[in-house]
Amino acid sequence: MADLTALRGRANGGYVAPRWFRLDNAATIYPAARTRTYACTFRMAFVMKDEVDADILRQAVDDIAPRFPSFFVQLRPGLFWYFLERVSDTRAVVEESEYPCHRVTLVETDKPAFRVIYYKRRLGIEMFHSIADGGAALLFLKTLVSRYLVLKGHVIPNSGDFIDIGEKPKRYEHKDVFPKLYKKDAPPLQKEESSYQYKVKTIPNYFQAVHGIIPVKDIKECCKPLGLTITEYFAAVLLYSIYLDNPENKKVIKLSVPMSLRPIFGFKTLRNFSLFTNIGFTPPKNGVSTFEEIVESIRGKIKEGASAEALLAPIKRNVGSAGNPAVRFLPNVIKRPLLKTAYHLVGQRKFACCMSNLGICSMPPEMSEHIDRIEVLLGGAPHETLACAIGGFGDTLTITFTGSSKKFDIPRNFFTFLTSSGIRVRVETSNKEACS
Amino acid sequence: MRCEKCKVDLGEEYKRCPLCASPAERSEPVIKGQRTAEYPDVVYKKNPPWYFGIYTAAALALSAIAVAADCAVNKNISNAAWVVLSLPCLWALVFRPIFIKKLYFGSYIIRDIICLSLIMLWYSKSRLGYFGPAIRFGIPLLHLAAALVIVAGIFAFPKRRVNAAEHLMVLGSSSFLLLIINMANGYGTHWCAAAAAVCFSAAAVLARVMSKEICDKLAARFNV
Ligand SMILES: [Zn+2]
């Protein structure tokens, strides 16, 4: 294919991406946090209208690889830090055969630290979190799907919704922008109370997803009278669902809400560039909480946490501690277990569940006519037996609960609350036992 | 299909509601135009046995027995120390490569050398009375052999040349260190010199052919 050679040539001209990348500030924790049961991966997938053609998909991956040098990388150990080394092996396509968000092979392989999965109508990526965050991964996936559709013979115009693979990789796409935002005089981070933990029996090596498919129109109608954004509304429902699961609990219940910093600070990096804000409510000592009380306690909190000023404190802490000479020059073999212990003892206790909303995914109509919906799956964390991710496509939102237990308590509370509020819901799951 | 208890639509072929386990009812979905996105059948795999844990437990037990027996019979632990030392070496040399797949050849060789060097040092001191034979002869020969294997690997696996250069530099440096130790103790230095020469000259040839790649790799390994 002559045009591809031209594409590759152009993509590699000019700025030449380095052979290796430092882990960005947010990515340094994942190699250390990873355990045998916590894979640190997430999945993003489109459910297509037709079955996926594997050969064309492989070709599409090969075609977009030169445009995404920071994705086709593998984790390698350095003396002081891990780093990401570019790999030439682009054979990342596999037919889905494991539970969602299955471990990605790291370090001792020459394959990239992500996989492109397909199964019947599903086409997606499962990625080790050190490579990129959800926002960047979605851009990668959209570019992949657009190339796949072009190879299938469709004409897909680029309206700026995905990356032009004819262009060269840009320097700013590979930059770790956290250090740029470091301000010495930023306020210190407030000490946070640890959250109630939703405890349920987990099964090692098991992982399941429960999807709720919801029309956007229904949600908007519910949010309007309450004066909430969609994320706030879902956060309130999720907090209420966790509360209903154990009304005896009087400890604060907190959600961790990740947010992309790209729209806030205006950077276009394709590395990790998101942070978390924790929101929650404390059940009253006497009596029971109502949904309305929860709504009031979280109103405006996400917006507050997502302001540039509020974000400078965690950035100062993260960048500051990574830049501390005692941490920087500590050999990796010692640093890794220390980071792991700190993450599992402290970091994970601050919230009961993570809830990520990627928003509505935009793309040209020529592309969206081949796609049914989007699915976003969080890999979950060791202390977190449940994670929730929301992705929107067209007029449909998909809320996905993931976890390594076979229980459906929280999703049941969540979805039945939605249906009782007049929202239409369709439920699907990866747990075949539970529906047959 | 639908669950009338939870009031949710279900996949077309669902027999039960996953949320409440009630039987699914055949009725029109309220959300039109959606079809089930199927998942594959996955066979549940239990955690593989934690080989390292099992091995460590067995090794500790064996070590304890050896120490106790040696104390009882010989009133010292020099024989038991042999057993204690050989067990981790046995793991690194024999068991780990069997159980842990995808092990890189070069890293494996470096680990082997460390283990075998320890064994040689111990043997040299306990059986021959001083470290000299190991430092002068045994360990440098080991380095030389490993270097030759890595050099052969350069031709067999062109893709892994940068890693080979890294390993040669590590081996070269430790051969050089041995050379200095031997000189300081007045032992013969020709085997160390030979090993260092082979390592450094092979690394130099590689560095000439692919200096940018090797510099990049070293910069990555030492990034702070
Ligand atoms: Zn039901």
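The values are calculated or read from the model by the stated rules, or taken from the named source; none is laboratory data. Small disclaimer: the values here were computed from a predicted structure and weren't measured. Because the Cβ atoms are built from the backbone with ideal geometry, glycine has one as well, and the counts that use them run over all protein chains shown.
Residues in the stretch A:361-391 that are at pLDDT below 95, among the small types (Gly, Ala, Ser) and within 19 Å of A:Gly134 (Cα to Cα): A:Ser362, A:Gly379, A:Gly380, A:Ala381, A:Ala387.
When residues of the stretch B:65-92 are filtered for being under 20 Å from B:Ile119 (Cβ atoms) and part of a helix (DSSP H, G or I), how many remain? Don't jump to the end; show me each part of the working.
Looking only at the stretch B:65-92, we keep the residues that are under 20 Å from B:Ile119 (Cβ atoms), and these are B:66-67, B:70, B:76-92.
Narrowing further to those that are part of a helix (DSSP H, G or I): B:66-67, B:70, B:78-92.
So the count comes out to 18.
Restricting attention to the stretch A:357-364, does a residue exist that is out of contact with any Pro (no Cβ under 6 Å at 6 or more places or on another chain), within 14 Å of chain B (Cβ to nearest Cβ) and not charged (D, E, K, R)? Among the residues of the stretch A:357-364, not one is out of contact with any Pro (no Cβ under 6 Å at 6 or more places or on another chain), within 14 Å of chain B (Cβ to nearest Cβ) and not charged (D, E, K, R), which makes the answer no. The residues in the stretch B:1-15 that are closer than 26 Å to A:Asp50 by Cα, within 13 Å of the ligand (Cβ to nearest atom) and more than 7 Å from chain A (Cβ to nearest Cβ) can be counted, and the count is 2.
Considering each residue of the stretch B:27-50, count those that are β-branched (Val, Ile, Thr) and free of Cβ contacts under 8 Å to residues at least 12 places away in the same chain, and give that number. Let's see the steps before the verdict.
Within the stretch B:27-50, the first condition is being β-branched (Val, Ile, Thr), and the residues that meet it are B:30-31, B:36, B:42-43.
Narrowing the set further to residues that are free of Cβ contacts under 8 Å to residues at least 12 places away in the same chain leaves B:42-43.
Residues flagged as β-branched (Val, Ile, Thr) and free of Cβ contacts under 8 Å to residues at least 12 places away in the same chain within the stretch B:27-50 amount to 2.
Could you check how many residues of the stretch A:422-431 are outside any strand (DSSP E or B), within 7 Å of another protein chain (Cβ to nearest Cβ) and not β-branched (Val, Ile, Thr)? Before the answer, list the steps.
The initial filter retains those residues of the stretch A:422-431 that are outside any strand (DSSP E or B), namely A:422-425, A:430-431.
Remaining after also requiring within 7 Å of another protein chain (Cβ to nearest Cβ): A:424-425, A:430-431.
Right, trim to not β-branched (Val, Ile, Thr) and you get A:424, A:430-431.
Of the residues in that region, 3 qualify.
Which of the following residues is touching a residue at least 12 places away in the same chain (Cβ under 8 Å), surrounded by 22 or more Cβ atoms within 10 Å (Cβ to Cβ) and within 16 Å of the ligand (Cβ to nearest atom): A:Phe408, A:Phe417?
Answer to the check: A:Phe408.
Contact annotation: residue pairs with Cβ atoms under 6 Å, 6 or more positions apart or on different chains, pairing a residue in the stretch B:4-26 that is among the hydroxyl-bearing types (Ser, Thr, Tyr) with a partner that is within 6 Å of the ligand (Cβ to nearest atom), are B:Ser22/B:Cys3; B:Ser22/B:Lys5.
Take the stretch A:191-232 and flag every residue that is free of Cβ contacts under 8 Å to residues at least 24 places away in the same chain and either closer than 16 Å to A:Ser256 by Cα or hydroxyl-bearing (Ser, Thr, Tyr) (or both).
So in the stretch A:191-232, the residues free of Cβ contacts under 8 Å to residues at least 24 places away in the same chain come out as A:191, A:220, A:223-225.
Result: A:Lys191, single match.
For the stretch A:238-258, filtering for residues that are touching a strand residue (DSSP E or B) at 6+ places or on another chain (Cβ under 6 Å) and either polar (S, T, N, Q) or part of a strand (DSSP E or B) (or both) leaves 6. The residue that is farthest from the other protein chains (Cβ to nearest Cβ), among those in the stretch B:203-220 that are surrounded by 18 or more Cβ atoms within 10 Å (Cβ to Cβ) and under 24 Å from the mean Cα position of the chain (by Cα), is B:Ala203. Of the set (1) more than 8 Å from chain B (Cβ to nearest Cβ); (2) in contact with a Leu (Cβ under 6 Å, 6 or more places away or on another chain); (3) within 16 Å of the ligand (Cβ to nearest atom), all apply to A:Thr400 but (3). Scan the stretch B:16-32 residue by residue and report those that are part of a loop (DSSP other than H, G, I, E, B) and either within 13 Å of the ligand (Cβ to nearest atom) or over 20 Å from A:Phe417 (Cα atoms) (or both). Across the stretch B:16-32, the qualifying residues are B:Cys17, B:Pro18, B:Leu19, B:Cys20, B:Ala21, B:Ser22, B:Ala24, B:Arg26, B:Ser27, B:Glu28, B:Lys32. Scanning the stretch A:344-354 for residues that are crowded, with 24+ Cβ neighbours inside 10 Å and assigned to a strand (DSSP E or B) yields a total of 1.
Looking only at residues that are surrounded by fewer than 17 Cβ atoms within 10 Å (Cβ to Cβ) and out of contact with any helix residue (DSSP H, G or I) (no Cβ under 7 Å at 6 or more places or on another chain) in the stretch A:176-196, which one is farthest from B:Lys45 (Cα to Cα)? Only one residue tops the list, namely A:Asp185.
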